[in-house]
Structure formats: C-alpha cells, structure tokens
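> Okay, handing you the structure first.
The values are calculated or read from the model by the stated rules, or taken from the named source; none is laboratory data. None of the values given here were measured: they were computed from a predicted structure. Counting neighbours? That spans all protein chains shown, and the Cβs are built from the backbone with ideal geometry, glycine included. Remember, those area values only see protein heavy atoms, side chains included, never the ligands or the DNA or RNA. Shrake-Rupley method; radii C 1.70, N 1.55, O 1.52, S 1.80 Å.
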Amino acid sequence: MRKLYAGVVRHRNVILFSFLAAFAVCLFLRQEVAVNYDINDYLPEDSPSTAAIDLMEEEFDGGIPNARVMISDVTIAEALTYKEILSSVEGVSSVTWLDDSADLTVPLETLDPDTVETYYKDGNALFTLVIQEDCRIQAVSSIRSIIGDENAMTGSAVSTALSTETTVDEIQKITVIAVLFVLLVLILTTGSFAEPFLVLGGLGIAIILNNGTNLIFGEISFVTNAAGSILQLAVSLDYSVFLIHRFEECREGGSDPQEAMVEALCKSTSSILSSGLTTVIGFFALIFMRFRLGPDLGLALAKGIAISLLTVFFFMPTLILAFYRLLDRTRHPAFFPSFRKFGVLVRRIRIPLVILFLLILVPSYLASSANNYYYGSSQIFGSGTQYGRDTEAIEEVFGKSDTYVLLVPSGDTATETELSSRLHELPQVTDILSYVDLAGAEIPTEYLDEDTLSQLISEHYSRMVLSVRADMEGEETFSLVEEIRETAEKYYPGQYALAGEGVSTYDLMDTITEDMVSVNLVSIGAVFVVLILTLRSLVVPALLVLSIEAAIWLNLSCPYFAGDTIFYIAYLIISSIQLGATVDYAILMTDRYKENREKYNKKESAIQTVSDTAISILTSGTVLTVVGLLLGYFSSNQLLSQLGIFIGRGALFSLAIVLFVLPSLLSLFDWFVTKKKKTKISDSERKGGFQK
C-alpha cells in the first residue's frame, strides 16, 4: 500500500487534472441521464400486469386508461364538445365517455343508471383518458389549460407529470440548504476554516462523477435521482475529514507534507475501507429485490460510495497537499468543549440504559412489522396539493373508481358474452365496454365502424374495458382483482391478461412483500460477514448489527404507534439504507474502544471512547438527520417525503444507541472485544484509570 500511495503523491498533478477532466465530462453527462417517475415501470418483467400491458401494446394502439377528467356543471351536449376538445390534445390517444357505452339519442332515464352514473352525475361529466407515456407533461399541462383550476383531473399520468415537474425544483432547494448546513457543521467541528471547503470540494467531485456515470444505467428512478446525491453527501462525509485529521497528526510528528500524506493514507486505509465497504454492501443488498426500484437505487448508491472512496484515496491527497498551507493559516480554536463529562454520564447510567435497550427490542421489532401500508402511487400527493384536492373532488361525486382492461382470445363471442355477463354480476363493476356489450354476439364485426372495432378486437384478442367502483389499492381492491382473475381463468384458462392501475398495484404488493425477507437477510448477513473479517470476532459484529437493527426497528415502529399508513417501498428501502449508512458509527466506536483498551481499564476506556468519538459521530449523524428531514418536509411527493423522514429519524435512533448503549455493551463483552484475560489492577492504576 505504501508504494501505491507514494505513487499517488508523486503523480498528484496528473491525478488532480484527471479527476477535474472527469468532473467536467460527468457534469455534462448528468444532464443526459433520463429519470423515470412511474413506479409501475419497475415491476418485474414477468409480473402478470406487466405482461398484460406488453401484450396489449402489441395488439392494440390504445393504452391503459391513466387519467380521469371531471367537468362540472355541463349538459350532455357540452360534455360531448369537451370530449372532442380533449381528444384533440397532443399526447391523448383516446377519450372514453358515456356515448361509448350507451345510445345518447334516447332519454337518459331509459338507460342503465349504473352505466350513466359512471360517466355523468348531477351535471358533472367524468372522462377517462389514455395519455401517451412520452407526452404526459405536455398533455397534462394542455388539459389543465382547457378545463381550468375549477375542474379536476387525476390518475397515474397526472401524478407522474406533476412529480416530474415538482421534484427537480424541490431537490435543488433541498441540496442548497443541505450543503449550507454541512458547511456550518464542518466549520463548527473541524479545526480550520478552509477544511470544510476542501471536504465539500472532494464530495462535490464524487457526487458529480456518480451522477454522470449513472448514464450506464440508461435511466434512473425518481427516488434515486432525488435521494442519491444527498445520501452520498451525508454518508461519505466522514472519509475526507478522517483523512485530513490523520494527515495533520502525521505532520505533528515532524514529517514533511508528502511523507505525512503517505503515512496518513496507510494508517487510515483500514478504517475508511471497512466503513465504506459495509456501507456499499448495505446499499448493494437492494439489488436482490425483484421490484426493480431497489436495484436502481442500490446500484447507484453503492457506486456512489465506491466513487467517494476512490476520491478520498486518490483525489483528496492531491487537493490537501495543494492547500495544506491554507489549512495552517486558517486554524481556529475548538468551538466545542471536551465530551469527557458526557462520557462519564454515559458510563454512570449504563445499567438503566442497557436494561431499557433490552426491554424495547421485542416490542419495537413486533411493532415495526405491524404497520399499515400503501403499495402503489395513488397516495403520492397529499390533500394539500392540487392533485390531492382534485382527486377528492372527483371521488366526492363519482366515488372511488378505476379502469381495468381484460384481454381474451378473440373469435368465440359466445364465451365472451358469458364472461361479460358474469363480470357484470360483480357489484364493483359499473360498466363494460367490449364488442359483445356494444354490438352483441349476433352482430357481425363488419357492421361496426373501423375506429371502434380496432379498439375492441385485434388479430388475436378481444379487449374488454371494465369500469369498476374501487380504489387504486386496498384489501377490497385486491380482492376484486383476484375475483376478476379467477373469473377469467374459468372461461379462458391461462389465456387471458388483465391490466390496470389497481392490477399493477396488486402485483406491486405481491412482489415487494416477497422482497422484504430476502433483502434484509442479504444486507444483514453481508454486513455481518464483513465485520467478522474486519474485527475477527463473532460476538462483536453481532453486537454492532443488533445495535443498528434495534435503531431500525425503533424507526419503523413509530408509524405503528402513531397510527400512520406508510409507503411499503419506503419501509422496504430504509432498512438497507439505515444499516449501510449508520453502521459506520458503531464501527468507529468499537475501533476506538479497542485502541483505548491498550492503555486504560474498561471503565476509563468506555469514558474515553465516548469522548474521542462523539464529535465525529455527531457530525455525520447530524448531517444525515438534517438531510433526511429536509427531504421529508420539503418534498410534496409523499413517498420521497416519508423516505426522508425515515432517514432523518433513523439516524437519530442510531446516534442515540451508538452513543448511549454501545459503550456499555462493549464494556460488558470486553473479553470478546479485546480477547484479553482479566488481570489484577493495582490501586494506583485503578485511581488513575490506566492499565500497564
């Protein structure tokens, strides 16, 4: 390693310019990375709803209905005019209304009331639209300008368009505030006014390199785009700070700056690598999710931390050597007093804290597993947003509603008629638009106009569009999806395909609940193995993992006790994120305790360890907390908001357990930590706290 680092120092100018050139390239490339805001796109490719959508796109021009528009206070004639106007909007491939299911030349009173009230009720007209994926933003904007703020629109296409427009602006604001806060924290916790700018400079290089190289994925999810950079900032902050402090320690020994840097790199490699590796593995565990949002986020975060490590070991030495004189000239006295008194307090209350820790383990674990969940994106915007208000306005008039599309092999109109009759018997099905419902099994296809026929019958399949009185998700919705699938299976065994927002959410629920156990086992197991190899112990890694897992359980139990419903995606992701991001605190605490046990007895080692590590742990933990809470309270996207709150609150729980409980656990299991037998301590040693 010494030869490698000597080469880094010797060729520092080449390395410096190489990183700056890569930075410039990636600054351009990051603008070319596409961002996907549709959660359903991350379902496994073999999920039934994904296969159904693919099949429908092959067989028919029109897609799945993904938007609903309500126009208030209109007559039938005015509603038909609005339908024509909406149909002409660029990106809108089809608009469905009452005239597609019923003959409007006859009085409304003679028509089926359920069918009528699906589309027209109390002077309000509800249109169902199919908006093309690549035109969502423009189409939604055009529709809003047509209907005005006094009317309402909702649906996955609308929420995706709004997410695309709002998230970028919100993340920019969050990033600016986060960087300013990190700068303030570093000024308060480091010994030089220049040091925070060097640290942020190195982090900025690493973050841009990661963002630019995301181009290898083709596109990234909105979760990765929103959380990736600020998580990389918060999690890898310590690496550069630790290297700078090691460099200063080595210079105090009289070494020249270049030799001091080589020495600092050699001494810090083990601790930085072990810390970074556990973080990378914690994030990397997300790739084992079948729900592809996990691999999307996990790969980007793991790559980001790996790039941060490379930046620390190769770029930061060149940056520090270029500006070490500025570090010397901008020295300032410590703004924080010694944390020794805090260490004494932790030692004094160790028994009650350990007892409390043991008492909360089982209840917090059970509560963390008993939450209520949202699985899809239907609740992604709250009632305080226009989307939320529009959704409530539509549901107040027409109730919960969704549209499913059922594909069955064409040609057997008798079986289609039987299936349609059976589906009509379901109380949630308010209308079915199909060939057999529109024309009847006895009317030949050539009697229908070409446009209508092309939407209902293809070369191989017949399409049945079901209007259902059901929410986008929930137990009743999931039961309805199962019942429709069971019904279709009776008539067309293994030959049908069902798609729709509620159907995709059902498959999403089915997929990600299966992911929970495997992802947790992989992340915990992988981190545990790395700690075993690093610490060469079984008991100590178990203590560290248990400490962080307890913090995770406490974090996830809060919504249960508060009676909140949480997004299962955030619930699933946060376990790996919190483990990967905060296990570093426990590693730092353990390493320093082992060092102190070379000089002190157990009592003094625990006190001194808390005193030595409190600033470093609080710096990293505070930044992660604030960054998470900024995302939580600034984002109008409820999924991102909830993920941010989980990150911030989880960091606080991890801080509390590592600072208050872990030192006592290390003392209790001292033999396993130090592998030393008990020795008799003299009175003078006991008074002084030292052990020879």
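> If you place +1 on the Cβ of every Lys and Arg, -1 on the Cβ of every Asp and Glu, and leave all else neutral, what size is the dipole of the chain about its Cα centre, to the nearest 20 Debye?
On the way: 48 positive and 81 negative charges, 1732 e Å.
In total the dipole reaches around 8320 debye.
> Using the Kirkwood radius over Cα pairs, work out the Stokes-Einstein diffusion coefficient for the chain at 20 °C and 1.002 mPa s, in µm²/s as a whole number.
76 µm²/s
> While we're looking at this one, here's another question. In Å, what is the Rg of the alpha-carbon atoms in segment 87-201, and how long is Dmax?
25.1, 84
> Taking K675 as the anchor, which aspartates and glutamates have their alpha carbon closer than 16 Å to its alpha carbon, excluding any fewer than eight residues away along the same chain?
Answer for K675, where 16 Å is the Cα cut-off: D591, E595, E598, listed by chain and number.
> Here's another thing I want to ask about it. Taking the solvent-accessible surface of protein heavy atoms with a 1.4 Å probe, what is the per residue accessible area of the chain in Å²? Don't jump to the answer; show the numbers that get you there.
On the way: 29380 Å² over 692 residues.
Spelled out: the 1.4 Å probe surface of the chain, per residue, equals 42 Å².
> Something else now. Calculate the length of the line joining the C-alpha centroid of segment 498-564 to that of segment 207-273, in whole Å.
Spelled out, the Cα-based centre of one part sits 26 Å from the other.
> In whole percent, how big is the carbon plus sulfur part of the accessible area of the chain, probe 1.4 Å, protein atoms only? Can you show the working numbers first?
Working: 17020 of 29380 Å².
Carbon and sulfur together cover 58 percent of it.
> At a probe size of 1.4 Å, how large is the accessible area of T430, to the nearest 10 Å²?
Surface accessible to solvent at T430 totals approximately 10 Å².
> Next up: So how much slack lies between S338 and V168, counting 0.36 nm per residue of separation and subtracting their Cα-Cα distance, in nm? Show your work: numbers first, answer last.
Values: separation 170, 0.36 × 170 = 61.20 nm, distance 4.16 nm.
Here the answer is 57.0 nm.
> What net charge do the residues around S236 carry, taking every other residue with its C-beta under 15 Å from that of S236, with Lys and Arg at +1 and Asp and Glu at -1? Could you put the intermediate results ahead of the total?
On the way: positive: K303; negative: D238, D584.
With Lys, Arg at +1 and Asp, Glu at -1, the net is -1.
> Between S93 and V14, what is the spin-label point distance in nm, taking each point 7 Å from the Cα along the Cα→C-beta axis?
About 5.4 nm, to one decimal.
> Given segment 151-238, what whole percent of its Cα pairs are spread farther than 17 Å? Could the numbers behind the result be given before it?
Numbers: 2210 of 3828 pairs.
The calculated P(r) of segment 151-238 puts 58 percent of pairs beyond 17 Å.
> In percent, what relative contact order does the chain have, based on Cα pairs under 8 Å that are 6 or more apart in sequence? Let's see the in-between values first.
Numbers: 1060 pairs, mean separation 133.4, N = 692.
Averaging sequence separation for qualifying contacts and normalising by length gives 19 percent for the chain.
> While we're here: How large is log10 of I(q)/I(0) for segment 261-319 at q = 0.14, 0.16, 0.24 Å⁻¹ when the intensity is taken from the Debye formula with one equal scatterer per alpha-carbon?
At q = 0.14, 0.16, 0.24 Å⁻¹ the computed log10 ratios are -0.45, -0.55, -0.88.
> Along the Cα→Cβ direction, 7 angstrom out, place labels at V106 and K121. What is the inter-label distance in nm?
About 2.3 nm separates the two model spin labels.
> Still on this structure: Need the C-alpha centroid separation for segment 11-28 versus segment 370-411, integer Å.
One Cα centre to the other: 48 Å.
> Okay, next question. First obtain the Kirkwood hydrodynamic radius of segment 114-264 from its Cα pairs, then insert it into the Stokes-Einstein equation at 37 °C and 0.692 mPa s, and state the resulting D in µm² per second as a whole number.
Stokes-Einstein gives a translational diffusion coefficient of 164 µm²/s.
> Separate question: What are the radius of gyration and Dmax of segment 366-406, computed over its Cα atoms and given in Å?
According to the Cα coordinates of segment 366-406, Rg and Dmax are 14.0, 40 Å.
> Okay, next question. Mind checking the full-extension length gain between E482 and E78? Use 0.36 nm per residue of separation minus the Cα-Cα distance, one decimal, nm.
Numbers: separation 404, 0.36 × 404 = 145.44 nm, distance 3.83 nm.
Value of the extension gain: 141.6 nm.
> I've got another one for you. Please calculate the 1.4 Å probe accessible area of D591, with all protein chains present, and give it to the nearest 10 Å².
Answer for D591: close to 50 Å² accessible.
> Right, another one. Label-point separation (nm) for R536 and R389, each offset 7 Å from Cα along Cα-to-Cβ?
6.6 nm
> FRET efficiency for F669 and R331, Cβ-Cβ distance as r, R0 = 45 Å, nearest 0.05? Walk me through the numbers before you get to the answer.
Details: r = 40 Å, r/R0 = 0.89.
Efficiency for this residue pair is about 0.70.
> Another one. Taking only DSSP H segments of four or more residues, each worth -39500 (n - 2.57), what value at 222 nm results for the chain once the sum is divided by all its residues, to the nearest 500 deg cm²/dmol?
On the way: 28 runs with 452 residues, N = 692.
Mean residue ellipticity, 222 nm, calculated: -21500 deg cm²/dmol.
> Thinking of segment 588-631 as a set of Cα atoms, what percent of all their pairs are more than 15 Å apart? List each step's numbers first, then the result.
On the way: 455 of 946 pairs.
So the portion of pairs separated by more than 15 Å is 48 percent.
> V69: accessible area at probe 1.4 Å, nearest 10 Å²?
Its heavy atoms expose roughly 0 Å² to the probe.
> Stokes-Einstein D for segment 287-399 at 4 °C, 1.567 mPa s, Kirkwood Rh over Cα pairs, in µm²/s? Provide the component values of the computation, followed by the final result.
Numbers: Rh = 21.7 Å.
After rounding, the answer is 60 µm²/s.
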